[in-house]
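To start, the structure under review is shown below, and the notes come after it.
The values are calculated or read from the model by the stated rules, or taken from the named source; none is laboratory data. Fair warning: this is a prediction, and the values are worked out from it, not measured in the lab. Note that we place each Cβ from the backbone using ideal geometry, even for glycine, and neighbour counts take in every protein chain shown.
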Amino acid sequence: MKNLIKKLLSFLPKDIEKKAIHIIKMIFIKEYRWMINNYWKFGQDNRKKIFFSAARYMNINRPINGYYFEFGCNEANTFRMAYNIFKNLFKLKYVAFDSFEGLPEVKDIDKMEVFYEGKLAFDESKFIKLVKKEGIKDEELIVVKGFYKNTLNQELIDKLNPTKAAVIYVDCDLYSSTVDVLKFIKHFLQPGTILIFDDWNCFYGDKNRGQKKAFYEFLNLNKDLVFEEFTTDCEAKSFIYINNKNEAQFK
Ligand SMILES: C[S@@+](CC[C@H](N)C(=O)[O-])C[C@H]1O[C@@H](n2cnc3c(N)ncnc32)[C@H](O)[C@@H]1O
């Protein structure tokens with residue numbers, strides 16, 4: 001029976017097949033229903049809490065303007081969430097950075113069962129369609145497609161500057177990707193920028209791996225930059241960029 005249903009569904013266009021499988025599983029598989037309605041929802045609620053925290057902080061400390069940068073956009077879950085919260089209070093420009101071909105080659109330091117080259121590939125045009133559906137306008141959206149080692153270069157820094165970032169969401173899983181991201185975002189920090197690491201506790205929370213390692217190394221290389229802790233949950237951690245202590249008005 002299961003195989004027959006699978007076969008019948010396989011004749012549908014891929015998107016519709018995926019939706020149909022989801023609906024069937026929701027109706028018939030209790031464990032699947034629990035995963036979606038409880039486990040998945042818990043993760044999404046945590047992310048919503050981070051974006052609402054950022055929104056309240058930015059509104060109280062207004063004006064903080066500029067870009068919403070997201071590194072690791074995939075199916076636009078967090079991108080849409082950020083837009084739907086921030087659009088009510090601020091006029092930000094939304095910039096999506098992703099290969100749209102999934103994870104790059106996974107180096108030794110990033111080796112783990114859940115990470116492999118090409119995982120999380122998602123079509124760029126589908127991503128744009130999803131965010132446009134939320135009402136984002138052409139002039140509010142920039143999509144930078146490609147692997148960070150190629151795209152996060154001086155040319156892009158010059159193109160996006162002098163506007164700075166209000167919020168930076170780093171959701172690219174790997175240490176190696178996060179190193180590239182941090183080198184780049186250094187050029188877009190302004191007092192008050194919120195820097196969020198979605199994958200802070202990946203790699204068993206080991207400070208010698210993942211986003212933790214990348215951020216601690218970044219702080220070590222940039223001792224003049226001052227950050228304060230902001231939010232923490234079971235997966236993510238965020239910081240407020242305070243200033244460059246060599247340039248600060250109040251030292
Ligand atoms: C966990 S997913 C992001 C999920 C997304 N924020 C969401 O809510 O739907 C990680 C993403 O990071 C991207 N990524 C990781 N390393 C990258 C790199 N070095 N260059 C470009 N994209 C990268 C992958 O393509 C993937 O889409």
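When you check Met35 against the structure, is it of a type in the set (A, V, I, L, M, F, W, C), assigned to a helix (DSSP H, G or I), closer than 27 Å to Tyr148 by Cβ and more than 15 Å from the ligand (Cβ to nearest atom), yes or no? Here the answer is no, as Met35 does not meet what is asked.
Scanning the range 148-175 for residues that are buried (at least 16 other Cβ atoms within 10 Å of the Cβ), assigned to a loop (DSSP other than H, G, I, E, B) and not basic (Lys, Arg) yields Leu152, Asp171, Cys172, Asp173, Leu174. Taking the criterion of being over 17 Å from the mean Cα position of the chain (by Cα), of a type in the set (Val, Ile, Thr) and either surrounded by 11 or more Cβ atoms within 10 Å (Cβ to Cβ) or away from the ligand (no atom under 11 Å from the Cβ) (or both), the residues of the range 107-142 that qualify are Ile109, Ile136. Set side by side, the residues Phe215, Phe230 differ, and just one is away from the ligand (no atom under 14 Å from the Cβ), in contact with a Leu (Cβ under 9 Å, 6 or more places away or on another chain), at pLDDT 95 or above and not in a strand (DSSP E or B), which is Phe215. The set of residues in the range 156-183 that are more than 10 Å from the ligand (Cβ to nearest atom) and either of a type in the set (Gly, Ala, Ser) or closer than 17 Å to Phe100 by Cα (or both) comprises Ala165, Ala166.
Residues checked against (1) among the aromatic types (Phe, Trp, Tyr); (2) under 15 Å from Tyr169 (Cα atoms):
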{"site": "Glu75", "(1), (2)": "no, yes"}
{"site": "Tyr83", "(1), (2)": "yes, yes"}
{"site": "Tyr94", "(1), (2)": "yes, yes"}
{"site": "Asp98", "(1), (2)": "no, yes"}
{"site": "Tyr116", "(1), (2)": "yes, no"}
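Is it fair to say Ala54 is small (Gly, Ala, Ser), surrounded by 13 or more Cβ atoms within 10 Å (Cβ to Cβ) and either within 13 Å of the ligand (Cβ to nearest atom) or free of Cβ contacts under 8 Å to residues at least 40 places away in the same chain (or both)? Against the criterion (small (Gly, Ala, Ser), surrounded by 13 or more Cβ atoms within 10 Å (Cβ to Cβ) and either within 13 Å of the ligand (Cβ to nearest atom) or free of Cβ contacts under 8 Å to residues at least 40 places away in the same chain (or both)), Ala54 does not qualify. Of all residues in the range 91-106, those that are more than 9 Å from the ligand (Cβ to nearest atom), surrounded by 14 or more Cβ atoms within 10 Å (Cβ to Cβ) and farther than 19 Å from Glu139 by Cβ total 1.
Just one residue in the set Ile24, Ile64 is assigned to a helix (DSSP H, G or I), out of contact with any Asp or Glu (no Cβ under 7 Å at 6 or more places or on another chain), of a type in the set (A, V, I, L, M) and away from the ligand (no atom under 14 Å from the Cβ); that residue is Ile24.
Here Ile64 clears all of (1) at pLDDT 95 or above; (2) surrounded by 14 or more Cβ atoms within 10 Å (Cβ to Cβ) except the condition numbered (1).
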